[in-house]
1. When the helix-only estimate is applied to the chain (DSSP H runs of n ≥ 4, each -39,500 (n - 2.57), divided by the residue count), what is the mean residue ellipticity at 222 nm, nearest 500 deg cm²/dmol?
2. Counting other beta carbons within 10 Å of each Cβ, put SER201, SER100 in order, fewest first.
3. Return a whole-number percent for the relative contact order of the chain, with Cα pairs under 8 Å and 6 or more residues apart as the contact set.
4. With +1 on each Lys and Arg Cβ and -1 on each Asp and Glu Cβ, and nothing else charged, work out how big the dipole of the range 1-112 is about its Cα centre, in Debye to the nearest 20.
5. Kindly state, to the nearest 0.05, the FRET efficiency for ASN244 paired with THR70, given R0 = 25 Å and r defined as their beta-carbon distance.
6. What residues have an amide H closer than 5 Å to that of TYR149, excluding those fewer than 5 places away on the same chain, when H is modeled at 1.01 Å from N in the peptide plane?
7. What percent do you get for the relative contact order of the range 7-112 when only Cα pairs under 8 Å and 6+ apart count?
8. Given the Cα-Cα distance of SER39 and LYS227 and 0.36 nm per residue of separation, how much length would full extension add, in nm?
Amino acid sequence: MENFIDYQKLKDRKEALNKSWNDEKKAFRYIVFEDFFTSEAIEKIYQNYPKIKQIQPSSNFEEDPNWKYTTYINQNNKFVMTQFDNQPIIKQVFDELNGSKLLKIIEQITGIENLEADPKLFGGGLHQSTKGAFLDVHVDFNYHPETNYHRRMNIIIYMNKDWKEDYEGYLELWDMDKKIQIENVAPHCNRCVIFETNEISFHGHPHSLNTPDHISRKSIAAYYYTKTRPENEIAKDHNTVYVNVEGMKGSVKNIKTGVRAFLERINKK
């Protein structure tokens, strides 16, 4: 079977990525790089990325029923998929993301050993956001809900062609001690972001998507865990912790999504 991930390219730039990962000027450790999948694979994955009817309501394609959607106060218009029935291309993507071959290379780049994948993709999977979507800046939950392993690392690969700046949806990384944004990552196709998960790795895309109706923000996400972690990094078990970086605009936005979330849950009863 042909590999989707460009393992050779990853190996060739291990030293450079390790240096970037360990840059002491960063508030927390992360790397951003291009061409995660091979040029042959990326087009195949892009063409097989499952569609959402909401994006093209007049189209005659059949929407994949495995897309799940729930509104939250700090998150809107985000669809998630973790089941890939009858989707061998997408299944292979996650088989490789969770495979020992990739984990070994990432361990060598980051110095974090004994990483374990999550085959259930809790919180991960395919993520697709539509016009108006946002995800407030946050730090992630810190323990796996079933294994109780420590969440250590996020990997995200974007799947968006011809993304324009005025679409918003950039991944923002924040130093919340200094209250400054330290990175603004455009979600371009085949761009990969890997960052550590701890109590200071604040990230999100808080500005509402301003895409045309037929364009969505697509990404692929997986999370890695370890059975233990350094004593000085251990914190009490918590869920996702959000912060407002938009002031009054963010507060108004959250009030609106809070009402929407409440009505959604009422209608489901």
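1. The helix-only estimate for the chain comes to -7500 deg cm²/dmol at 222 nm.
2. So the ranking, lowest neighbour count to highest, is SER100, SER201.
3. The value is 25 percent.
4. 420
5. 0.75
6. HIS144
7. Once normalised by length, the contact order is 30 percent.
8. 64.2 nm
Every number here is computed from the coordinates shown, using simple stated rules; none is lab data. Just so it is clear, the model here is predicted, and its values are computed rather than measured. Please note: Cβ atoms are built from the backbone with ideal geometry, for glycine as well, and neighbour counts cover all protein chains shown.
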